[in-house]
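The values are calculated or read from the model by the stated rules, or taken from the named source; none is laboratory data. All of these numbers come straight from a predicted model, not from anything done at the bench. Reconstructed Cβ throughout: ideal geometry from the backbone, glycine too, with neighbour counts over all protein chains shown. In case anyone asks, the SASA skips ligands and DNA or RNA and just uses the protein heavy atoms, side chains included. Shrake-Rupley method; radii C 1.70, N 1.55, O 1.52, S 1.80 Å.
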Amino acid sequence: MMRRIELAPLLRETVSTPYSDLVTRSTGAALRDRIEQTINGASYRTIQLDFTAVGVIDFSCADEVVAKLLLRASEGEDSYVLLSGVTELHLEAIDHVLERHGLSVAAFPVGDGAPRVLGATSPDLAVAFQAVQKHGAGDAKRLADAVGWTVERAADALQSLALRRLILAAGGTYRPLPLPADA
């Protein structure tokens, strides 16, 4: 089950501002605390942070909201975070901060809707992620056949994606995270 959290309205409620820009570390920390209150004790496996109505996000807010939330989610069992409604204005800050922390997240940019990996990644992980998104559930053999790799290389990439919580893994089968409703 997925829980969608629209960040712009939550921001306006949290810091009593008419704006939808995520700037300053204190604003990011307050918003992350509010997100954590929203998801604490919930039975949702996947949290979708919706950036649709967010104007800009600076590096400090990206660190507080996205990176720290991912770090906390990684402590939990079977929890996933994905981003939707991400624009070019958001990509640079989020990507930079996640890379610095060695974190990755699946993001659904505005426009083409094609998911991509932000943050720490490699060419193999990016190819494997896109292949899983395109071809759906499968095992390492299926990925190897789809992209022309050895089964071992495909298995390594799939395991890495699963450990980074970019795809779901169960019994040797890997599948994409559930798509956001608006993707």
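If the only charges are +1 at each Lys and Arg Cβ and -1 at each Asp and Glu Cβ, what is the size of the charge dipole of segment 38-114 around the Cα centre, to the nearest 20 debye?
Computed charge dipole of segment 38-114: roughly 220 debye.
Considering the options Ala144, His96, Val66, tell which one lies farthest towards the positive end of the dipole of the chain, charges being +1 on Lys and Arg and -1 on Asp and Glu at the Cβ, about the Cα centre.
Among Ala144, His96, Val66, the one farthest towards the positive end of the dipole of the chain is Ala144.
How large is the dipole of the chain about the Cα centre if only Lys and Arg carry +1 and Asp and Glu carry -1, each at its Cβ, rounded to the nearest 20 debye?
The dipole of the chain has a size of about 380 debye.
When each pair of different Cα atoms in segment 101-183 is counted once in the 1/r mean, what is the Kirkwood radius in angstroms, to one decimal?
Over segment 101-183, the inverse of the mean reciprocal pair distance is 12.7 Å.
Leaving out ligands and nucleic acids, note down the accessible area per residue over the chain with a 1.4 angstrom probe, in whole Å².
Ligands and nucleic acids excluded, the result is 49 Å² per residue.
To test your reading of the geometry: what angle, between 0 and 90 degrees and rounded to tens, separates the Cα axis of helix 88-101 from the longest principal axis of the chain?
70
Please name whichever of Leu49, Ser160, Gly111 sits farthest to the positive end of the charge dipole of the chain, dipole taken about the Cα centre and charges placed at Cβ: Lys and Arg +1, Asp and Glu -1.
About the Cα centre, the residue reaching furthest to the positive side is Ser160.
Can you tell me, using C-alpha contacts under 8 Å and at least 6 residues apart, the relative contact order of the chain as a whole percent?
Worked out over the chain, it gives 16 percent.
List the relative contact order of segment 55-157 as a percent without decimals, with contacts defined as Cα pairs under 8 Å and 6+ residues apart.
19
Could you tell me the relative contact order of segment 111-157? Use alpha-carbon pairs under 8 Å, at least six residues apart, and round to a whole percent.
30
To test your reading of the geometry: what angle, between 0 and 90 degrees and rounded to tens, separates the Cα axis of helix 123-135 from the longest principal axis of the chain?
Rounded to the nearest ten degrees, it is 80.
Taking 0.36 nm per residue of separation and subtracting the Cα-Cα distance, what length does fully extending Ala42 through Asp156 add?
Here the answer is 37.8 nm.
Restricting to the chain, what percent of DSSP beta bridges are antiparallel, rounded to 5?
Expressed as a percentage, antiparallel bridges in the chain total about 40.
So, with +1 on the Cβ of K and R and -1 on the Cβ of D and E, and no other charges, what is the size of the charge dipole of segment 1-91 about its Cα centre, to the nearest 20 debye?
My answer is approximately 160 debye.
Bin width 10 Å, origin at 0, all Cα-Cα pairs of segment 19-65: what percent of pairs per bin?
Calculated over all Cα pairs of segment 19-65, the distribution is 26, 52, 21, 1 percent.
Quick one: 3J(HN,Hα) in Hz for segment 30-39, Karplus 6.51/-1.76/1.60 with θ = phi - 60°, rounded, Gly and Pro as x.
My calculation for segment 30-39 gives 5, 5, 4, 4, 5, 4, 5, 4, 5, 9 Hz in order.
Taking just the alpha carbons, could you work out the radius of gyration and Dmax for segment 1-79, both in angstroms?
Considering segment 1-79 through its Cα atoms, Rg and Dmax are 12.0, 36 Å.
Once you list every other residue whose beta carbon is under 12 Å from the beta carbon of Val151, what net charge do they have if Lys and Arg are +1 and Asp and Glu are -1?
Charge balance near Val151 sits at -1.
Could you work out how far apart the two model spin labels at Thr52 and Gln130 are, taking each label as a point 7 Å from the Cα in the direction of the beta carbon, and quote it in nm?
2.7
For segment 32-126, what does the alpha-carbon gyration tensor say about shape, rounded, prolate or oblate, given a ≥ b ≥ c as the root eigenvalues, a/c under 1.5 as rounded, and a/b over b/c as prolate?
rounded
Can you send over the carbon and sulfur percentage of the accessible area for the chain, probe radius 1.4 Å, protein chains only?
50
Whole Å is fine, so just give me how far the alpha carbon centre of segment 31-66 lies from that of segment 90-152.
A separation of 21 Å, based on Cα centres.
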